[in-house]
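Heads up, the thing below is written out as structure tokens.
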Amino acid sequence: MANYLKLPGGMYIFKGKEFVYRATGQIDLKGIVQKVFEVEAMEEKIAPTVRLIERNINKFPFKKERLQDFIIAISEVVQNAIIHGPKSSERKIVVNILYIPKLILCVGVTDSLGPLKIRKLKFDVINSHGQLNLSSCNRGFCLMSALCSLVAYIPHGRSKFKEILLGLEPE
């Protein structure tokens, strides 16, 4: 089974073991929270950005341990968006937080680094000898898939923008 599911429009959903689609029916719009902010894509902004996201999501009703794992995955996305691009105070990343009560908490990070080369991603961080290979490229996707309910790659058409969306479902 593939480590990702390709959806129409070039969108990909990554899941470690399986992808489960479920119809949610009607969504209660009461209590939905959305926050969007831009951050300069500079290395010294990584930790403050992660702390800002953490402050905004800690108020939602999830177990502390699950939120801590989610923050680890979020920090991976923020770090990748900032480190892998040109260092410029003009370049920004956009962070979008969306909470839908009893359904999902999502954090999306949009950058201008162009599309991912999906076919080149390596999802197996265990080498041929059964040892963990932490120097492997793309281990971030393995980490995100293990710590999140949802990991999605959303290209923005033919533009240079893309979004990595992480989701955490309630237990």
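The values are calculated or read from the model by the stated rules, or taken from the named source; none is laboratory data. Not measured: the values here are computed from a predicted model. Backbone-built Cβ (ideal geometry, glycine too); neighbour counts: all protein chains shown.
Remark: G140 matches the filter, which requires a residue to be at pLDDT below 85 and either under 19 Å from K162 (Cβ atoms) or hydrophobic (A, V, I, L, M, F, W, C) (or both). When residues in segment 70-90 are screened for being in contact (Cβ under 8 Å) with a residue 60 or more places away in the chain and surrounded by fewer than 16 Cβ atoms within 10 Å (Cβ to Cβ), 1 of them pass.
Of the residues making up segment 146-159, those that are outside any strand (DSSP E or B), under 20 Å from V95 (Cα atoms) and at pLDDT 80 or above are L147, C148, S149.
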